[in-house]
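Before any comments, here is the structure.
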Amino acid sequence: MNVLVDRFDVFASGFWLTLQICLLSAAGALIIGTLMAVLRISPVPPLRAIGTAYVTVFRNIPLTVVAFFTAFGLPELGSNASFLKIPVLDSLFTRLGMDLPYFRFFVLALSLYTGAFVCEALRAGVNAVAAGQAEAARALGLTFTQNLRHVILPQAWKAAVVPLGSVIIAMIKNSALAGFFGIVGDLSQAADELTSQEGLALIPVFIGISVGYLVMTVPLGILLDRIESRRPVTR
Amino acid sequence: MRINRLAAVGVAATIALTGLAACGGDGGSGDPKPKDVTFDAGTTMAKLNKDQKIRIGTKFDQPGFGLKGLDGKPAGFDVEIGKIITTELGIPADKIEWVEAPSKVREEVIEQGKVDIVVATYTINDARKQRIDFAGPYYVAGQQIMTRKDDDSITGPDSFKDGAKKVCSVTGSTPAKTIEASLKDKASQLVLFDVYQKCADALKTKQVDAVTTDNVILTGFVANAPDDFKLVGEKFTQEPYGIGLKKGDTAFREFVNKTLEKIASDGRYEKAWKDTAGKFDKNVPTAPPVNRY
């Protein structure tokens, strides 16, 4: 178990990189997911079809396959995800602006994949809002967008927060794949290197990285419990 | 007339099939014949000989050393060395169970007893000696760099010092560790995958500028795609390839070492090289002296 103390810097920098991946992917997933959820509940059939197609594709293809497509398919198409080099963000998250595209590829893959689940979680929340609310809003003459913004989504949020939290926790765990798609230095890749390169025993190293993931997921879980108990879902 | 034409086709087909059958019956005669030997009781060699079965871990994706062919069996220099050791144990070469041993799991499969030996471009180093034992070396490779055919900007490991060039290797391999010392910033210059083929793909699509590993592995990739890749510079390390086996099994290790010394002088080493990696690299290496550490 000395490895936890001796190589603490490896675990700490791995934790920091994984945290960056998770923050960026969570932001991306929430944006994409909300957009897709709105598309799915819209009254315009072609928009609904787009939303449904997106969810069908990205919810059913394994994350590994999506990551393969972004890491090895995008370069074949000539892209290196430079559209993700967002000006302010890439000074905070240095790997976003680097030449090496694998960080951006993985964040893209994880956002696209998790976005499908976020969409479904939000839609579950929207469906939990009583139908009368939407009808009353329509009767009052609100447009669809005003309806969503002022009536439905604020109420849907309370019902959606728990499934959404579970999706984000699952995403944090999924970020462990990053090490296998070219990213050097995140928690899972650090474990990979410590056990194979330096031949250290497996169990202490994996306990170390599990602690890293738990430090991210457990507070999130506690936060979700607090939110749920503070705002009970009332009708 | 139709009957004559049918008869002609039938005769031709029969001749062709008998011809093929005559060739097919020869299959396997290329493999070395097992020897009739006995070993001291209690040794690994005695057990393997008695079971008439051996499990060998090797690479399935290294052209020239261990590459799985369309018949599902690996072929290459490592495979030939494995077959020679097997026949020295008195086991026929077709009784070998080939297990894929990618770089990362080579120690695990030995420690967990999933294989009896590992012959898989396995560089001898001190960290690995803590967990398993090495017989050999049977070949000395060297680390080198492979770039795109049209790229002349990289000439050796020093080309990475300015921080602009990106290099790819495999997680947990010795070359990955060695090249880190030549990089200005590991985070923006180093990409690690689990297999070399992904590195070759990344090089082709210009995501990285170089792939670094042992020269023989690179020669295989260059031979498969001579218009895309080339080797640059000289070998800048010495990578002795050894045969991995269970820690503490001194009798087995001595047996394998003696076998390697035997084949170095009786021509089997040369033949093994010429049949396999010799197709990419015409220089037949001299078998290095075994290291009885």
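The values are calculated or read from the model by the stated rules, or taken from the named source; none is laboratory data. All values reported here derive from a predicted model rather than from experimental measurement. Quick reminder, even Gly has a Cβ in these numbers, built from the backbone with ideal geometry, and neighbours come from all protein chains shown.
When you look at A:VAL205, is it crowded, with 19+ Cβ neighbours inside 10 Å, at pLDDT below 90 and more than 8 Å from chain B (Cβ to nearest Cβ), yes or no?
Taking the combined requirement at face value, the residue satisfies it.
Specify which of the listed residues (B:THR38, B:THR44) is of a type in the set (S, T, N, Q), surrounded by fewer than 18 Cβ atoms within 10 Å (Cβ to Cβ) and at pLDDT below 90.
B:THR38
Which one of these does B:ASP228 not meet: (1) more than 13 Å from chain A (Cβ to nearest Cβ); (2) crowded, with 18+ Cβ neighbours inside 10 Å?
(2)
Within the stretch B:70-127, can you find the residues that are farther than 24 Å from B:GLU261 by Cβ, within 14 Å of another protein chain (Cβ to nearest Cβ) and of a type outside the set (D, E, K, R)? Show your work before the answer.
To start, the set of residues in the stretch B:70-127 that are farther than 24 Å from B:GLU261 by Cβ comprises B:70-75, B:94-95, B:97-105, B:107-109, B:111-114, B:127.
This time we only want the ones that are within 14 Å of another protein chain (Cβ to nearest Cβ), so: B:101-105, B:107-109, B:111-112, B:127.
Answer for the stretch B:70-127, where residues must be farther than 24 Å from B:GLU261 by Cβ, within 14 Å of another protein chain (Cβ to nearest Cβ) and of a type outside the set (D, E, K, R): B:ALA101, B:PRO102, B:SER103, B:VAL105, B:VAL109, B:GLN112, B:ALA127.
Every residue in the stretch A:15-49 that is over 27 Å from A:ILE86 (Cα atoms) and either part of a helix (DSSP H, G or I) or touching a residue at least 12 places away in the same chain (Cβ under 8 Å) (or both), please.
A:ARG40, A:ILE41, A:SER42, A:PRO43, A:PRO45, A:PRO46, A:LEU47, A:ARG48, A:ALA49
Among the listed residues A:LEU177, A:LEU220, A:LEU148, identify the single one that is under 30 Å from A:ARG40 (Cβ atoms), buried (at least 18 other Cβ atoms within 10 Å of the Cβ), touching a residue at least 40 places away in the same chain (Cβ under 8 Å) and away from chain B (no Cβ under 14 Å).
Of A:LEU177, A:LEU220, A:LEU148, the one residue that is under 30 Å from A:ARG40 (Cβ atoms), buried (at least 18 other Cβ atoms within 10 Å of the Cβ), touching a residue at least 40 places away in the same chain (Cβ under 8 Å) and away from chain B (no Cβ under 14 Å) is A:LEU148.
Check the stretch B:271-282 and report whether any residue there is over 27 Å from B:GLY156 (Cβ atoms) and outside any helix (DSSP H, G or I).
The answer is yes, given that some residue of the stretch B:271-282 is over 27 Å from B:GLY156 (Cβ atoms) and outside any helix (DSSP H, G or I).
The conditions are (1) touching a Cys at 6+ places or on another chain (Cβ under 7 Å); (2) surrounded by fewer than 20 Cβ atoms within 10 Å (Cβ to Cβ); (3) small (Gly, Ala, Ser), and A:ALA130 fails exactly one of them. Which is it?
(1)
Looking at the stretch B:240-251, can you tell me whether even one residue there is in a helix (DSSP H, G or I), over 23 Å from B:LEU67 (Cβ atoms) and at pLDDT 90 or above?
For the stretch B:240-251, residues in a helix (DSSP H, G or I), over 23 Å from B:LEU67 (Cβ atoms) and at pLDDT 90 or above: present.
Can you name every residue in the stretch A:182-212 that is farther than 15 Å from A:SER13 by Cβ and assigned to a helix (DSSP H, G or I)?
From the stretch A:182-212, those farther than 15 Å from A:SER13 by Cβ are A:182, A:195-204, A:206-207, A:210; that's our starting set.
Once the filter is applied, which keeps residues that are farther than 15 Å from A:SER13 by Cβ and assigned to a helix (DSSP H, G or I), the stretch A:182-212 yields A:THR195, A:SER196, A:LEU202, A:ILE203, A:PRO204, A:PHE206, A:ILE207, A:SER210.
Can you tell me which residue within the stretch B:89-120, out of those that are in contact with a Lys or Arg (Cβ under 6 Å, 6 or more places away or on another chain) and not hydrophobic (A, V, I, L, M, F, W, C), is surrounded by the most Cβ atoms within 10 Å (Cβ to Cβ)?
Taking the candidates together, the pick is B:ASP116.
For the stretch A:78-94, check the following and say yes or no: at least one residue is facing another protein chain (nearest Cβ under 10 Å), more than 20 Å from A:GLY185 (Cα to Cα) and not in a loop (DSSP other than H, G, I, E, B).
no
Kindly state which helices (runs of 4 or more DSSP H) lie completely within the stretch B:23-137 and contain at least 2 residues that are hydroxyl-bearing (Ser, Thr, Tyr). Give the derivation first.
On the way: elements: B:44-51, B:77-88, B:106-111, B:126-129.
Because the criterion is at least 2 residues that are hydroxyl-bearing (Ser, Thr, Tyr), the helices (runs of 4 or more DSSP H) in the stretch B:23-137 that meet it are B:77-88.
Taking A:VAL107 as meeting all but one of (1) more than 27 Å from A:GLY185 (Cβ to Cβ); (2) crowded, with 19+ Cβ neighbours inside 10 Å, write down the number of the exception.
In the conditions (1) more than 27 Å from A:GLY185 (Cβ to Cβ); (2) crowded, with 19+ Cβ neighbours inside 10 Å, A:VAL107 misses (1) alone.
How about the stretch B:66-89: which of its residues are on the phi > 0 side of the Ramachandran plot and either among the hydroxyl-bearing types (Ser, Thr, Tyr) or at pLDDT 90 or above (or both)?
B:GLY76
Part of a loop (DSSP other than H, G, I, E, B) and at pLDDT 90 or above, is that true of B:VAL256?
It is false that B:VAL256 is part of a loop (DSSP other than H, G, I, E, B) and at pLDDT 90 or above.
Regarding A:PRO163, is this residue touching a residue at least 24 places away in the same chain (Cβ under 8 Å), assigned to a helix (DSSP H, G or I) and over 25 Å from A:GLY33 (Cα atoms)? Break it down stepwise before answering.
Working: touching a residue at least 24 places away in the same chain (Cβ under 8 Å): yes; assigned to a helix (DSSP H, G or I): yes; over 25 Å from A:GLY33 (Cα atoms): no.
For A:PRO163, the condition - touching a residue at least 24 places away in the same chain (Cβ under 8 Å), assigned to a helix (DSSP H, G or I) and over 25 Å from A:GLY33 (Cα atoms) - is not met.
All but one of (1) touching a residue at least 12 places away in the same chain (Cβ under 8 Å); (2) within 12 Å of chain B (Cβ to nearest Cβ) hold for A:GLU198; which doesn't?
(1)
Specify the residue that is farthest from the other protein chains (Cβ to nearest Cβ); the eligible residues are those in the stretch B:157-206 that are under 23 Å from A:PHE68 (Cβ atoms), part of a loop (DSSP other than H, G, I, E, B) and hydroxyl-bearing (Ser, Thr, Tyr).
Looking at residues that are under 23 Å from A:PHE68 (Cβ atoms), part of a loop (DSSP other than H, G, I, E, B) and hydroxyl-bearing (Ser, Thr, Tyr), I get B:SER173.
Quick check on this structure: which one of B:THR276, B:THR250 is buried (at least 16 other Cβ atoms within 10 Å of the Cβ), over 24 Å from B:LEU183 (Cβ atoms) and among the polar types (S, T, N, Q)?
Sole residue among the options that is buried (at least 16 other Cβ atoms within 10 Å of the Cβ), over 24 Å from B:LEU183 (Cβ atoms) and among the polar types (S, T, N, Q): B:THR276.
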